[in-house]
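Beneath this line is the structure, given in structure tokens, with notes to follow.
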Amino acid sequence: MSATDDVREVQDAEDALFVLTAVLLTPAQFPSVLGDDYPEACAALGLEPYEEGYGLVLGQDSNGVRWTVATDDVSLVACAIASWDCGMEYDLTPGEHSVVAALPGWPLAVAVAAPGVPAPHDPAPDPESGAARLPLSPPDSDRWGPAQRRLGADEIALQWAVWRERVDAEIEFVQPGESASGGSEGGPADSPVRRVLGEARGYVDSPPPPGRIRSAFASGEARTLRVDGPGWSMVARTDDIAFVLVDEEPGEVLTVGRGPELPGLLKALDELAVRPA
């Protein structure tokens with residue numbers, strides 16, 4: 001089914017999409033739950049990883065069915081998100097010609113619903129399209145995996161001050177050459193922190209796909225770095241420490257001390273990072 005057919009299907013079912021929320025899908029800003037980098041996030045939705053990116057509009061039709069509409073009008077979606085963040089109203093209605101795909105379901109958890117329509121639900125299976133039309137759904141919050149690891153890193157980046165205070169109060173630092181449980185410079189070569197920092201250093205020589213290194217504003221002249229790789233995520237401030245999460249240690253947050261190595265690595269990664277426009 002083509003994108004035009006998808007859009008027509010939504011329009012025939014409801015004549016209007018009740019917009020609940022929206023997010024950006026660009027190299028610098030994308031829902032981390034979808035992948036470790038921008039191309040991977042696009043692939044999760046069956047989209048081409050165009051450099052300009054997309055806006056994702058999540059809503060319901062008049063029957064209550066969940067839909068995720070991808071539009072190439074990124075500026076429209078960005079303006080809507082900025083307005084909503086400021087408590088202002090904004091009519092987000094992507095033009096028909098800007099819609100790239102209309103996908104059943106939502107890839108993210110949405111806590112609100114459109115008033116006056118049935119409760120949010122996925123559309124009935126389409127026997128003609130089979131597995132290709134399985135609805136999108138948020139990750140299972142009861143199990144630990146790549147999506148939950150990336151969501152954990154998102155939360156640390158969002159609540160940096162809270163996590164930094166916890167470090168000062170109760171968490172021991174792991175130095176770059178140590179194992180996760182302490183140890184010394186001669187600790188296991190396969191310790192999580194050593195592996196993660198080694199792979200991150202590898203990005204300096206061989207830049208990864210767009211979106212694996214992202215840089216955002218922080219206080220002062222610092223930047224908040226978000227770096228992801230196979231099985232790991234790192235959140236750091238260029239003037240401070242780093243937090244590491246790995247798939248093999250469910251729910252654990254490893255804290256990397258500043259030390260002699262980290263500042264130079266973070267500076268090099270920040271120079272490679274994509275940044276919000």
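The values are calculated or read from the model by the stated rules, or taken from the named source; none is laboratory data. Small disclaimer: the values here were computed from a predicted structure and weren't measured. Virtual Cβ from ideal backbone geometry, glycine too; neighbours counted across all protein chains shown. The protein model used for the area step is the full one, side chains on, heavy atoms only, and it has no ligands, DNA or RNA in it. Shrake-Rupley method; radii C 1.70, N 1.55, O 1.52, S 1.80 Å.
In region 25-71, what GluC sites (Glu not before Pro) fall in a loop by DSSP, with at most 13 other Cβ atoms inside 10 Å?
E51, E52
Full extension from L108 to T93: what is 0.36 nm times the residue separation minus their Cα-Cα distance, to one decimal in nm?
Fully extending the segment from L108 to T93 adds 3.4 nm.
Go through D61, D122 and list them by solvent-accessible area, largest first, probe radius 1.4 Å.
D122, D61
Give the accessible surface of region 224-277 per residue, rounded to a whole number of Å², with probe radius 1.4 Å and ligands, DNA and RNA excluded.
On a per-residue basis, 37 Å².
Counting only protein chains, not ligands or nucleic acids, how are C42, C86 ordered by accessible area (probe 1.4 Å), most first?
Details: C42 0, C86 100 Å².
From most exposed to least exposed: C86, C42.
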